[in-house]
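First the structure, in the form of structure tokens, and then the observations on it.
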Amino acid sequence: MANRDEVVTTLQTQRNRFSHEKIAAAFKGWSRVMQYHFPDLDLFLAVPVADGVPGEIIEGKVEDAQVVYEMASDTFLAIDRKEITGMKAFTHKLVKVKASMPDLMKLQKLDSV
């Protein structure tokens, strides 16, 4: 099992992907709150995104999240290290996601960098 610091550091890295030129253009105008839940660590983290720019990571559960992920911390790190794709993790029920279909399609672009 991963620890809290590894998860937070990895999420920081993922936040930085929004600044990549190709990603920034795709997310312009997109404002959502993304909630991450890691049950094995009893950890909730949220990332607010305003006009395609992610804000600081918030620890705790937020009620108004439009995108909600739930997964084990090891799964999260494996996806980040590209040991498994997010889609494969989802189809193998390693990740639960609640979001609109347009948001899901847009979020797949983050995997391209």
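The values are calculated or read from the model by the stated rules, or taken from the named source; none is laboratory data. Everything quoted here is computed from the prediction, not taken from an experiment. Note that we place each Cβ from the backbone using ideal geometry, even for glycine, and neighbour counts take in every protein chain shown.
Restricting the search to the range 78-96, which residues are under 18 Å from Q12 (Cα atoms) and free of Cβ contacts under 8 Å to residues at least 40 places away in the same chain? Working first, answer last.
Filtering the range 78-96 for residues under 18 Å from Q12 (Cα atoms) gives 78-82, 86.
Hits for the range 78-96 are A78, I79, R81, K82, G86.
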Being touching a Lys or Arg at 6+ places or on another chain (Cβ under 6 Å) and under 15 Å from R4 (Cβ atoms) is true for just one of F76, F44, F38. Which residue is that? F44
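Can you name the residue in the range 89-109 that is in contact with a helix residue (DSSP H, G or I) (Cβ under 9 Å, 6 or more places away or on another chain) and in a helix (DSSP H, G or I) and, of all such residues, is modelled with the highest pLDDT?
Result: A89.
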One residue from K98, K88 being farther than 16 Å from M34 by Cβ and of a type in the set (K, R): K88
T75: in contact with a helix residue (DSSP H, G or I) (Cβ under 6 Å, 6 or more places away or on another chain) and either free of Cβ contacts under 8 Å to residues at least 40 places away in the same chain or more than 15 Å from Q12 (Cα to Cα) (or both), yes or no? yes
